[in-house]
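Everything on this sheet refers to the single structure shown next.
The values are calculated or read from the model by the stated rules, or taken from the named source; none is laboratory data. Because the structure is predicted, anything quoted here is derived from the model rather than measured. Ideal geometry is used to build each Cβ from the backbone, glycine not excepted, and the neighbour counts take in all protein chains shown. Only protein heavy atoms, including side chains, enter the accessible area calculation; ligands, DNA and RNA are left aside. Shrake-Rupley method; radii C 1.70, N 1.55, O 1.52, S 1.80 Å.
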Amino acid sequence: MTDAEITLTVNGKAVEATVAPRMLLIHFLRDQLRLTGPHIGCDTSHCGACTVDLDGKSVKSCTVFAVQADGAEITTIEGIAAPDGTLHALQEGFREMHGLQCGFCTPGMITRAYRLLQENPDPSEDEIRAGIAGNLCRCTGYQNIVKAIQHAAAKLAEAPSQEAAE
Ligand code: FES
Ligand code: FES
């Protein structure tokens, strides 16, 4: 099969690229666009380390071909902070509440939580746990991740304009 031309928006920037039809979105983001925030933890769609936001949905980018993202709008962890570098409430929450240890799951976890808080701005603890069920963390036991997301939800309720770069 011949290579395909795709155009998409990644973290607010227009991107045009030529990709092999078999290239996975995670490899396109990491290897071609050099966005190495989304991680590869399993390649079998279990861990969620590769989570990105695609047209308003959390997607495991190891389960999507780059060609399927043609025309899409994608946000990765690199696009979560404000353009001036001010951390998003979720990033601040993970820092303040010690929501990470090794950090390997964190980009995917924050990107998932970013969409979760738009789906449900005031989630209960159970809803947070259900909402991040597709994202595995080997280090934290999840307790502080839940606290970090609660911290961010409270912050965003005070200043909703910080909610999204959408
Ligand atoms: S690398 Fe995609 S789910 Fe694990
Ligand atoms: S902080 Fe290590 S895997 Fe989550």
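Observations, loosely collected:
- In the range 30-64, of all residues being open to solvent by 60 Å² or more (accessible area, probe 1.4 Å) and either within 6 Å of ligand 1 (Cβ to nearest atom) or under 17 Å from Ala113 (Cβ atoms) (or both), the one that is modelled with the lowest pLDDT corresponds to Asp43.
- Positions within the range 16-38 being in a helix (DSSP H, G or I) and among the charged types (D, E, K, R), in sequence order: Arg30, Asp31
- Breaking point among (1) more than 24 Å from Ala159 (Cα to Cα); (2) among the charged types (D, E, K, R); (3) without any contact (Cβ under 8 Å) to a residue 40 or more places away in the chain, for Lys60: (3)
- If the condition is being among the acidic types (Asp, Glu) and either open to solvent by less than 30 Å² (accessible area, probe 1.4 Å) or not in a loop (DSSP other than H, G, I, E, B) (or both), then the range 1-15 contributes only Glu5.
- A count restricted to the range 90-112 and to residues that are within 16 Å of ligand 1 (Cβ to nearest atom) and free of Cβ contacts under 8 Å to residues at least 40 places away in the same chain stands at 4.
- All positions within the range 114-138 that are within 20 Å of Ile40 (Cα to Cα), without any contact (Cβ under 8 Å) to a residue 60 or more places away in the chain and either touching a strand residue (DSSP E or B) at 6+ places or on another chain (Cβ under 7 Å) or open to solvent by 50 Å² or more (accessible area, probe 1.4 Å) (or both): Ala133, Arg138
- Cross-chain or 6+ apart pairs with Cβ under 8 Å, the range 39-53 first and without any contact (Cβ under 8 Å) to a residue 40 or more places away in the chain, then open to solvent by 40 Å² or more (accessible area, probe 1.4 Å) and within 16 Å of ligand 2 (Cβ to nearest atom): Ser45/Lys60
- The residues of the range 127-141 that are over 17 Å from the mean Cα position of the chain (by Cα) and not acidic (Asp, Glu), listed by number, are Arg138, Cys139, Thr140, Gly141.
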